[in-house]
Amino acid sequence: MAGFISPETIDAIHNTVDIVSVIGDYTTLKSRGPIDYWGCCPFHGEKTPSFHVDSDKKFYHCFGCNVSGDVIKFVMEMEKVGYVEAIELLAKKNGIPIKYKDGGAPSDYKRDDTIEKNIELYERLASTFHYFLMETPQGKKALDYITARGLTTETIQKFKLGYAPADRKWLYKFLIGKNYSKELLAKSGLFSQKYPDFSFFSDRLMFPIFNRKGQVVAFGGRVIPPADESQRKYLNSGDLPQFKKRETLFGFSFAKNSIREKKSIIFCEGNMDVIAYHQCGLDYAVATLGTALTQDHIKMISGFVAEGTVYLSFDSDGAGQEATWKAIKLCRENSLTVKVIQLQGGKDPAEIMLKYGKNNLTAQVNSAILDSDYLLNKVGKKYPVDTPEGKTKAALEFFAYVDALQSDIQKESSLEQLSQVFNLNPEAVKRDFLNRNQARERITIRQSNNVESTQQITKDAELRGLIAVTADLDQFQTLRSSISEDDFKNPDARRLFRIYEECYQKGVLTIPNIIESCNGTGFVQSITDALSSGVYKKEECSTYIRDTIKFIKKNKIEEQRELLIKRIQNFVIVTDDDKNQLNSLLTQKMELDKQAQLLSK
């Protein structure tokens, strides 16, 4: 394919197109120098930016997943098009004339223009449906319905809402009359497969579905009340060459700039929810299209909200709660912060907007709660948490959420929150959580004799804190001056600390020496993975080590407190010396309480 495009055109693309501007349409890029830009990778989910764009060399590279290339390759990957199509897209957008070898496109090159033709058809049809809604008696009942729900003319025009006539044969006759071929219409997704001249959408309020460029690529249709209950309430176009449900979000083209600016997004359940939010000024709302939230959706938005918040606004019924849980899990697995909007006073955003106005809806969004609070409240109502069995079931269900968290500090905090909410022993909760996960933590390593062996290690906050030291080995001195080998509860963490200490005492604390000393253990893969992925940044290492020290000290204090409390509870006073001894124990406990309080700040 590359041979058909002239070198002059390719050079013009490279010399004219701003790669930072093109990539910036898919992820937020921040300048770290005259030519260096960094952001979260649009090809894989991440919270710490590892995606680098060199505006001078016009090249991108991700240090996380190792993708790299020029602006043409980027468009090919993101838009899922071929080489020629990527060049044509870039040329058209930037006003660059396309030249082919020998003065024209070769006769044996048959470009697939199905997507282009379908988009042209859908764009024209969206205008036709909009005309029916706004200007004809046929569309009046649909217009009356959305007006009664509080939508303004400005909003209706912004989203280009429309009406599909009730006559199912009208559309086919109309398009044939406009010289569209039967072959194109048969594959357009607009008509019944069994009856080729019967429209898929009829007598419905129509929602054009736009791609990220603002082109109409599909439709959604809603029945208009009062409607025949046998009809499906909502219909969406099936997957088409220009449209994939799992890769498309309703309202994204309108919300994209606001999502980038606010670093936040609201995921809704339906199209009307999105439109109501936008009309109320909450213009960073989007909705999935008849599917659950997917990894493709997360990939689409993660570059914009990695440092912000994902808000979930789903129905409170069983299906809505299930969708909320799945979305929380998926977002947390991609290191995204999540809050849940719990709407009060109406069944959906449009009803709340109509009854109470936009300020009320805005206030409810601002009152969204963290996903951990939402889930703890949910399992607290689901199980009888006044009994040991109920508490166990609630904890086991909440553990699935903790599993999805990517930060050990977040895991520990969530387990502590679980302990506090249901009045559980924190250590017992941690043990139950670790015991159910230890079997999964198996790391395969290749020893120096090239024979594979498997060794089980327990990866928790202690061990991850030690692995973080590899990002800045100078931090080991800070670590060893604050805690000792005996302070670690995890035996694997003690072993790795011992290895570091031995290298430090010999004056050879370097990565090669550490890895050599770790031969035959399960640590090698963990250390090399951390180094190659860049998950621990040198500039963040000191903060991570301080948190690790605080975590270990806090655990040690909690262990000492529990032992003291048991001694105090079992203490029997017989003599005055016994009273003095008890007072001494109580004083020790008070001192430990103060230390724990200081570490919690």
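In whole percent, what relative contact order does region 366-421 give with Cα contacts below 8 Å and a gap of six or more residues? Walk me through the numbers before you get to the answer.
On the way: 25 pairs, mean separation 16.6, N = 56.
Reported relative contact order: 30 percent.
Taking the Cβ of residue 177 as the centre, find all other residues whose Cβ is under 13 Å away and add up their charges (Lys, Arg: +1; Asp, Glu: -1).
Details: positive: 124, 169, 173, 178, 182; negative: 197.
Charge balance near residue 177 sits at +4.
Per residue, how large is the accessible surface of region 190-318? Use a 1.4 angstrom probe and give square angstrom.
Working: 4830 Å² over 129 residues.
Per residue, region 190-318 has 37 Å² of solvent-accessible surface.
What fraction of the DSSP beta bridges in the chain is antiparallel, stated in percent and rounded to the nearest 5?
Working: 36 of 48 bridges.
Antiparallel bridges make up about 75 percent of those DSSP assigns within the chain.
Skip the ligands, DNA and RNA, and give the accessible area per residue of region 1-154 with a 1.4 Å probe, whole Å². Provide the component values of the computation, followed by the final result.
Numbers: 7980 Å² over 154 residues.
Here the residues of region 1-154 average 52 Å² of exposed surface.
For the chain, with only Lys/Arg (+1) and Asp/Glu (-1) charged at the beta-carbon, what is the dipole magnitude about the Cα centre, in debye rounded to 20? Walk me through the numbers on the way to the answer.
Details: 82 positive and 79 negative charges, 246 e Å.
Here the size comes out at about 1180 debye.
If we sort 165-176, 213-224 on the protection proxy, mean other Cβ atoms within 10 Å, highest first, what's the order?
On the way: 165-176: 16.2, 213-224: 20.0.
Top of the packing list down: 213-224, 165-176.
Please give the net charge around residue 278, taking every other residue with its beta carbon less than 11 angstrom from that of residue 278, where Lys and Arg add +1 and Asp and Glu add -1.
Values: positive: 158, 358; negative: 154, 273, 283.
Neighbour charge sum, excluding residue 278 itself: -1.
Quantify, in whole percent, the carbon and sulfur part of the accessible surface of region 52-182 (1.4 Å probe; protein heavy atoms only). Numbers along the way, then the final one.
On the way: 3680 of 7250 Å².
Its accessible area is 51 percent carbon and sulfur atoms.
Counting only protein heavy atoms and using a 1.4 Å probe, what share of the accessible area of region 332-431 belongs to carbon plus sulfur, as a whole percent? Please report the intermediate quantities before stating the final value.
On the way: 2400 of 4790 Å².
Answer for region 332-431: carbon and sulfur cover 50 percent of the accessible area.
Using the Cβ atoms and a cut-off under 15 Å, what net charge is assigned to the surroundings of residue 198, where Lys and Arg are +1 and Asp and Glu are -1? Intermediate values should be presented prior to the final figure.
Working: positive: 168, 169, 173, 182, 194, 204; negative: 167, 197, 203.
Neighbourhood net charge equals +3.
Using a ≥ b ≥ c from the Cα gyration tensor of region 143-214 (square roots of the eigenvalues), is it rounded, prolate or oblate, where a/c under 1.5 gives rounded and otherwise the larger of a/b and b/c decides, a/b for prolate? Provide the component values of the computation, followed by the final result.
Values: a/c = 2.61, a/b = 1.77, b/c = 1.48.
It is prolate, given that a/c is not under 1.5 and a/b is the larger ratio.
Rounded to the nearest 10 degrees, what's the angle between the helix 114-135 long axis and the longest principal axis of the chain, both from Cα atoms, 0 to 90?
Taking Cα atoms only, the helix is inclined about 80 degrees.
Near the amide H of residue 337, under 5 Å away, which other amide H atoms are found, from residues 5 or more places off or on another chain, if H is placed in the peptide plane?
Residues meeting the criterion, in which the H sits 1.01 Å from N, are 310.
With everything on Cα atoms, drop me the angle between helix 576-600 and the longest principal axis of the chain, reported from 0 to 90° to the nearest 10.
The answer is roughly 30 degrees.
For the chain, what is the calculated [θ] at 222 nm in deg cm²/dmol (nearest 500), taking -39500 (n - 2.57) for each run of four or more DSSP H residues and dividing by its residue count? Intermediate values should be presented prior to the final figure.
Values: 26 runs with 311 residues, N = 601.
It comes out at -16000 deg cm²/dmol, rounded to the nearest 500.
Sequence gap at least 6, Cα distance under 8 Å: using those rules, report the relative contact order of the chain to the nearest whole percent.
Details: 820 pairs, mean separation 52.4, N = 601.
For the chain, the relative contact order is 9 percent.
What ranking do 198-204, 281-287 get when scored by the average of other Cβ atoms within 10 Å per residue, highest first? List each step's numbers first, then the result.
Values: 198-204: 20.6, 281-287: 23.1.
The packing order, highest mean first, is 281-287, 198-204.
For region 1-152, what class follows from the C-alpha gyration tensor (a ≥ b ≥ c being the square roots of its eigenvalues): rounded when a/c is under 1.5, otherwise prolate if a/b is larger than b/c, else oblate? Write down the numbers at each step before the final one.
Details: a/c = 2.89, a/b = 1.41, b/c = 2.05.
Judged from the Cα gyration tensor, region 1-152 comes out oblate (a/c at least 1.5, b/c at or above a/b).
Ignoring ligands, DNA and RNA, what percent of the 1.4 Å accessible area of region 203-302 is carbon and sulfur?
Numbers: 1560 of 3490 Å².
The computed percentage sits at 45.
Where the only charges are on Cβ atoms (+1 Lys, Arg; -1 Asp, Glu), what is the dipole of region 119-215 about its Cα centre, to the nearest 20 debye?
Details: 16 positive and 9 negative charges, 41 e Å.
About 200 debye.
Could you state the angle between the C-alpha long axis of helix 523-533 and the longest principal axis of the C-alpha atoms of the chain, as a value from 0 to 90 degrees rounded to the nearest 10?
Between the helix axis and the principal axis of the chain, the angle is about 40 degrees.
The values are calculated or read from the model by the stated rules, or taken from the named source; none is laboratory data. Bear in mind that the values here come from a model prediction, so they are computed numbers and not experimental data. Every residue, glycine among them, receives a Cβ derived from its backbone with ideal geometry; neighbour counts consider all protein chains shown. All accessible areas refer to the heavy atoms of the entire protein, side chains included, with ligands and DNA or RNA removed. Shrake-Rupley method; radii C 1.70, N 1.55, O 1.52, S 1.80 Å.
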